[in-house]
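Peer 1: One structure follows; several queries about it will come next.
Just so you know, all these numbers are worked out from the coordinates, no wet-lab data involved. Everything numeric here is computed off the predicted structure, so don't read it as measured data. All Cβ positions, glycine included, derive from the backbone under ideal geometry; neighbour counts span all protein chains shown.
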Amino acid sequence: MSDQYELLDSGNGKKLERYGDIILDRPCAQAVWEPQNPLLWNKATASFDRVGGLNWKGRHKLSDSWNVEIAGVAMKLSATDFGHIGVFPETRALWKWIRETLTAEKNKKGRDLKFLNLFAYSGGATLAAAQSGVQCCHLDASKGMVEWARENAAINNLENAPVRWIVDDVIKFLRREVKRGNQYDGILLDPPSFGRGKKGELYKIEDQLMTTLDLVNQVLNDDPSFVILTSHTPGFSPIVLSNLLRQYHKIGRFECGEMLLTGKPDVNDLPNGNWARWINDQTV
Ligand SMILES: C[S@@+](CC[C@H](N)C(=O)[O-])C[C@H]1O[C@@H](n2cnc3c(N)ncnc32)[C@H](O)[C@@H]1O
């Protein structure tokens, strides 16, 4: 599986990453240590900082967009005004797990499977799931992000894959899915600390997460495969996320950990958020 992403170094509140031929130097609050390789930072194609505003330096050296393959999924990247580029590579290990697990579950169960990606952003996990041949539902409140994810589908030759692309507020959508009786085998949700629904509905993780998880539980089918909960919110540690999932599942296996930006073996891993998953290993 080809991967054109690598963490090159981190430290002094920053991270240095390679995305194909492009090297970016961007802020990262948790990188409180000294860089391992200070000379490498001169190689950055462009850098971003939040000192006195939101500033790119060297943005003119970046194309309007460029494509890279991450964990077997081609992604269109583009420098946004907020310093994001259209992918969170710390989730790439989960994309791979989702693709492998859905492929195995599909073979084992011998039926069509349905995967739901909530707060789905630019679609890396949706497309990894689509590569396994399951039906997908991709939901984000931002029309622009759903369009971006559809462009990513096209560059992976998945424009005709069975994916429902939905622009909606997560809670409104889940309530409708419960009423419609639509159910899923696997669900990924990545609730933001703070977000806005399609019509500006306020999403605050501490206020809305329990309602979201209750609804997620209601749209699981009778023989589901997994639920994955990820978070970048401080305080939502792997065990906190795991305990949240344990409220709904008395059987099965729980796994959890930190999401990591990684590079070559001698480069220090950089934690960026946490994950937990419930795996139903007692399928009917
Ligand atoms: C942190 S990003 C998700 C990152 C993505 N899962 C990934 O790993 O690449 C949060 C996303 O949630 C979306 N969002 C925020 N509030 C929402 C809401 N109430 N309903 C649906 N989507 C929402 C945002 O538009 C954004 O794309």
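Peer 1: May I ask for the angle, rounded to the nearest 10°, between helix 170-180 and the longest principal axis of the chain, with both axes built from Cα atoms and the value confined to 0 to 90°?
Peer 2: Tilt relative to the chain: about 20 degrees.
Peer 1: Bins of 5 Å, beginning at zero and ending with the bin holding the largest distance: percent of Cα pairs per bin for segment 134-216, please.
Peer 2: Using 5 Å bins, I get a P(r) of 3, 13, 23, 25, 19, 12, 5, 1 for segment 134-216.
Peer 1: Between helix 92-109 and the chain, what is the angle of the helix's C-alpha long axis to the longest principal axis, kept within 0 to 90° and rounded to the nearest 10?
Peer 2: Tilt relative to the chain: about 20 degrees.
Peer 1: If we count other beta carbons within 10 Å of each Cβ, what is the order of 54, 188, 220, fewest first?
Peer 2: 54, 220, 188
Peer 1: Quick check: the angle from helix 143-155's long axis to the longest principal axis of the chain, C-alpha only, nearest 10 degrees?
Peer 2: 90 degrees
Peer 1: Let me ask something else. About the Cα centre of the chain, what is the dipole size in debye to 20, counting +1 per Lys and Arg Cβ and -1 per Asp and Glu Cβ, all else neutral?
Peer 2: 580 debye
Peer 1: Placing unit charges on C-beta atoms (Lys and Arg positive, Asp and Glu negative, everything else neutral), compute the dipole magnitude of segment 138-233 about its Cα centre in debye, rounded to 20.
Peer 2: Using only the charged Cβ atoms, the result is roughly 420 debye.
Peer 1: From the gyration tensor of the Cα coordinates in the chain, what semi-axes in whole Å does the equivalent ellipsoid have, largest first, with each one equal to sqrt(5λ)?
Peer 2: 32, 20, 19
Peer 1: Still on this model: Number of Lys pairs in segment 89-279 with C-alpha atoms less than 21 angstrom apart, excluding same-chain neighbours closer than eight positions?
Peer 2: Final tally of qualifying lysine pairs is 17.
Peer 1: How much length, in nm to one decimal, is gained on full extension between residue 175 and residue 63, taken as 0.36 nm per residue of separation minus their Cα-Cα distance?
Peer 2: 36.2 nm
Peer 1: Turning to a different aspect of this structure: State, in angstrom, two size descriptors of segment 65-113 derived from its alpha carbons: Rg to one decimal place and Dmax to the nearest whole number.
Peer 2: Calculated on Cα positions, Rg and Dmax stand at 14.7, 46 Å.
Peer 1: Please state the relative contact order of segment 89-279 as a whole percent: Cα pairs under 8 Å, 6+ residues apart?
Peer 2: For segment 89-279, the relative contact order is 18 percent.
Peer 1: Quick check on the chain: helices-only [θ] at 222 nm, where DSSP H runs of length 4 and up contribute -39,500 (n - 2.57) each and the sum goes over total residues. Nearest 500, please.
Peer 2: Helices in the chain give a 222 nm mean residue ellipticity of -8000 deg cm²/dmol.
Peer 1: Taking amide H positions as placed in the peptide plane 1.01 Å from N, state which residues far from residue 203 in sequence (5 or more) or on other chains have amide H under 5 Å from it.
Peer 2: Amide H to amide H, under 5 Å and 5 or more residues apart or across chains, residue 203 pairs with 195, 196, 197.
Peer 1: If you don't mind, another one. If the reach is capped at under 25 angstrom between alpha carbons, list the lysines near residue 57, excluding any in the same chain fewer than eight residues apart.
Peer 2: Excluding near neighbours in sequence, the set is 14, 15, 43, 76.
Peer 1: Here is a follow-up. Could you compute Rg(Cα) / (2.2 N^0.38 Å) for segment 5-77, with N its residue count?
Peer 2: 1.13
Peer 1: For the chain, with the dipole built from +1 on Lys and Arg beta-carbon atoms and -1 on Asp and Glu ones, taken about the Cα centre, which of 48, 72, 189 lies farthest toward the positive end?
Peer 2: 189
Peer 1: Another question, if that's okay. Indicate, rounded to the nearest 5 percent, the antiparallel portion of the DSSP beta bridges found entirely in the chain.
Peer 2: 65 percent
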